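Participant: Structure below; questions to follow.
The values are calculated or read from the model by the stated rules, or taken from the named source; none is laboratory data. Predicted model, so just to flag it, every value in this text is computed and none were measured. Quick reminder, even Gly has a Cβ in these numbers, built from the backbone with ideal geometry, and neighbours come from all protein chains shown. Calculation scope for accessible area: heavy atoms of the full protein, side chains included, ligands and nucleic acids excluded. Shrake-Rupley method; radii C 1.70, N 1.55, O 1.52, S 1.80 Å.
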Amino acid sequence: SEDAPDAPAPREFSLLGEGDAARILSAGHLGAKALGGEQRGALTEALRSEVNRAVLKIREAAIVDGRSAEELPVRGEPQNSESVPRQWWADNSEHPHVWRLGVTGGVCAGKTGGMEMLRAELEERSGGRYAAFVVPELATILFNLGVLNHGTFSGTGAAEYRAFGVQMSFLQIAVEEIWALGAEETLRVTPRAQRAVLLIDRDALNFKAFSRPVDAMRPVAWPEVLNSMGELVGRPGLTEDDLVRRYQLGVLVLQTFAVLDGRLNIRGYDAQCVGDHTTNSVRRQTAEEARSDDELVRRAYSDAYPASAVCFITNDVDSMVAKMRAATRCVWQHMAALEGAA
């Protein structure tokens with residue numbers, strides 16, 4: 001008789017712990033010096049709760065795809081979640097002293113290091129008038145917790161992918177609001193700082209690049225994700241323009257290091273971007289895949305944002321420092337325009 005097919009290997013999901021949530025806040029510069037213990041604790045708990053809600057919702061979708069609950073064990077202690085999830089949407093008018101800047105781009109484009117350079121530049125050049133914060137990339141957090149098989153996509157199905165797009169996009173709204181609340185409190189206790197700038201590692205439109213029609217090979221359409229997001233945030237009929245307006249400073253789109261001077265950069269990409277020594281150890285894309293993703297991102301953001309609100313920063317300069325100088329010039333121009341309109 002024929003051998004029975006091998007059973008799929010178990011896939012473990014993890015829940016975000018309190019200590020890891022606190023470290024994520026600190027890495028985003030929502031530190032204990034500016035936030036009181038009670039508020040920092042509340043923000044930590046909110047971050048942990050929303051990340052874990054997303055993880056468990058995505059796991060439920062993996063079960064819809066045909067996996068059993070036993071094949072998808074969960075590690076970590078669940079929290080007592082609210083029976084009615086918080087919607088988190090806040091209009092810009094609710095945080096009048098907080099500006100948002102999306103920072104996105106291709107794989108290994110320099111977002112992580114670049115945002116730290118940009119944050120330091122904003123605070124130093126403004127003489128402390130601006131307080132800058134870094135909102136983390138949520139896909140990496142979810143992948144590290146087991147979502148989409150730790151970002152490898154192996155053994156995953158269409159329902160899980162759709163849930164990932166919806167839950168990550170909603171989580172983006174929630175996490176941005178958590179950072180805005182922390183930034184407002186930081187301004188309150190920092191007299192010199194007049195305005196907060198959130199540097200957001202990818203924004204709420206990011207999944208557009210990895211859904212139809214931009215990427216015809218994906219199993220979910222961007223309008224589906226938008227519709228589901230609208231339901232979750234309590235804004236039926238949510239539009240792409242609603243999301244774009246959240247980012248008063250527009251968006252920086254950084255080119256992947258898989259492309260250098262307009263050509264495929266396989267050797268440099270493999271050396272700098274793949275492996276445990278990099279800033280993103282879950283990265284799996286080849287240079288060719290990274291270039292393809294880069295093109296999808298560029299198309300998605302060209303379509304979504306007005307030309308005046310998006311800066312495409314390419315690798316035609318001689319260093320990462322020069323690349324971020326070009327990005328910084330664009331940000332200052334957007335800030336000057338906003339200051340003039342205020």
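Participant: Counting just the residues of the range 285-338 that are charged (D, E, K, R) and open to solvent by less than 60 Å² (accessible area, probe 1.4 Å), which one comes out farthest from VAL103 (Cα to Cα)?
Facilitator: ASP293
Participant: Here is a follow-up. Quick check on the range 72-87: of everything there that is modelled with pLDDT of 95 or more and part of a loop (DSSP other than H, G, I, E, B), which residue is least open to solvent (accessible area, probe 1.4 Å)?
Facilitator: Going through the qualifying residues, I end up with LEU72.
Participant: When you look at ALA183, is it open to solvent by 10 Å² or more (accessible area, probe 1.4 Å), of a type in the set (Gly, Ala, Ser) and in contact with a strand residue (DSSP E or B) (Cβ under 8 Å, 6 or more places away or on another chain), yes or no?
Facilitator: no
Participant: When you look at ARG188, is it over 24 Å from LEU226 (Cβ atoms), assigned to a helix (DSSP H, G or I) and in contact with a His (Cβ under 8 Å, 6 or more places away or on another chain), yes or no?
Facilitator: In short, no.
Participant: State the number of residues belonging to the range 16-40 that are within 12 Å of ILE141 (Cβ to Cβ) and more than 16 Å from the chain's Cα centre (by Cα).
Facilitator: Residues in the range 16-40 being within 12 Å of ILE141 (Cβ to Cβ) and more than 16 Å from the chain's Cα centre (by Cα): 3 in total.
Participant: For SER211, indicate whether it is out of contact with any Gly (no Cβ under 8 Å at 6 or more places or on another chain) and farther than 30 Å from ALA132 by Cβ.
Facilitator: No.
Participant: Spot the failing condition for GLU50; the list is (1) modelled with pLDDT of 95 or more; (2) within 21 Å of the chain's Cα centre (by Cα); (3) surrounded by fewer than 22 Cβ atoms within 10 Å (Cβ to Cβ); (4) assigned to a helix (DSSP H, G or I), and only one is missed.
Facilitator: GLU50 satisfies all of (1) modelled with pLDDT of 95 or more; (2) within 21 Å of the chain's Cα centre (by Cα); (3) surrounded by fewer than 22 Cβ atoms within 10 Å (Cβ to Cβ); (4) assigned to a helix (DSSP H, G or I) except (3).
Participant: Output yes when any residue across the range 228-236 is closer than 30 Å to VAL317 by Cβ and hydrophobic (A, V, I, L, M, F, W, C), and no when none is.
Facilitator: The answer is no; no qualifying residue exists.
Participant: Evaluate the following for LEU199: is it part of a strand (DSSP E or B) and either buried (at least 21 other Cβ atoms within 10 Å of the Cβ) or at negative phi (or both)?
Facilitator: yes
Participant: If you don't mind, there's one more thing I want to ask. Applying the selection to the range 104-158, what residues are closer than 19 Å to ILE178 by Cβ and either open to solvent by 10 Å² or more (accessible area, probe 1.4 Å) or of a type in the set (Ser, Thr, Tyr) (or both)?
Facilitator: ARG119, ALA131, VAL134, PRO136, GLU137, ALA139, THR140, ILE141, ASN144, LEU145
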